[in-house]
Amino acid sequence: MIILSVFGTCILSIAVAYVAFLQAETAEDALEAEHARSEALLYNLLPTEIAGRLKDAPDQTIADSLDHTAILFADIVDFTPRSARMAPKELVSFLNRIFSTFDELAAKHGLEKIKTIGDAYMVAAGLPQPVDRPVHRVAEMAFDMLAALRALSDEIGEAIEIRIGLHAGPVVAGVIGHQKLFYDVWGDTVNTASRMESHGQPGRIQVTAAAREALKDAYDFEPRGAVEIKGIGRLETWWLAQRT
């Protein structure tokens, strides 16, 4: 009986220890899985390099001055009346299809998607690291965006058009927020690119003198003349066209 009692106690102790080991291992696996999810979310929200910098130094302020960038803004023409005719799920699906296509094009041309604002889409070249020929990259992106929407229009039997604006110059880029991190870009270059889009025309790419100067070796241009730009004044602008 003494032997059985001792043996039973040993078995019980081993069983308790084994269960504790399994629980600790499960908790460790759960912790690793949660860490992996957090890292994946960080890298989805931010450019890879910026996410890495924050991971290495979580308390640092990310603020970079970049001298040679190109900014593209685009928005969907007549989106407000179109959205009024759509059910919520249909509207989200519509935007998701268009913006997912634009995301693929941004990756193709080595650009950084900055954000969507309602039905507007913003992408940049030359950040977070400088790249070669940044203005050419966004120009090619612009033509691909127009082509993608022509194909989608043919598919659904209804015209979908966008206005596109391009500008080139220096910007400041950085991360704001604590709980919801956001990589954004600021400066006159951004504001001017946005105005090129909002003062543009459906199906056309409006560019500034700075963008035209960078692109003149590879594209044709149609002068638009001086345009009064809200918050900026009168600017000479051009319509960008592919060289035939």
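The values are calculated or read from the model by the stated rules, or taken from the named source; none is laboratory data. Quick caveat, the model's predicted, so the values are computed rather than measured. Every residue, glycine as well, gets a Cβ built from its backbone with ideal geometry; the counts of neighbours run over all protein chains shown.
Out of LEU181, LEU166, I need the residue that is over 19 Å from ALA125 (Cβ atoms) and under 19 Å from the mean Cα position of the chain (by Cα). Which one?
LEU181
Restricting the search to region 84-102, which residues are in a helix (DSSP H, G or I) and farther than 18 Å from ALA148 by Cα?
ALA84, PRO88, LYS89, GLU90, LEU91, VAL92
Could you tell me which numbered condition THR61 fails, if it satisfies all but one of (1) in contact with a strand residue (DSSP E or B) (Cβ under 9 Å, 6 or more places away or on another chain); (2) assigned to a helix (DSSP H, G or I); (3) in contact (Cβ under 8 Å) with a residue 40 or more places away in the chain?
(2)
Taking GLN179 as meeting all but one of (1) surrounded by 22 or more Cβ atoms within 10 Å (Cβ to Cβ); (2) polar (S, T, N, Q); (3) more than 30 Å from PRO81 (Cβ to Cβ), write down the number of the exception.
Failed condition: (1).
Against the condition under 17 Å from the mean Cα position of the chain (by Cα), surrounded by fewer than 22 Cβ atoms within 10 Å (Cβ to Cβ) and at pLDDT 95 or above, how does ASP119 come out, does it pass?
It is false that ASP119 is under 17 Å from the mean Cα position of the chain (by Cα), surrounded by fewer than 22 Cβ atoms within 10 Å (Cβ to Cβ) and at pLDDT 95 or above.
Which residue, of ALA147, ALA226, ALA211, ALA139, is loosely packed, with under 13 Cβ neighbours inside 10 Å, among the aliphatic types (A, V, I, L, M) and modelled with pLDDT of 95 or more?
Sole residue among the options that is loosely packed, with under 13 Cβ neighbours inside 10 Å, among the aliphatic types (A, V, I, L, M) and modelled with pLDDT of 95 or more: ALA147.
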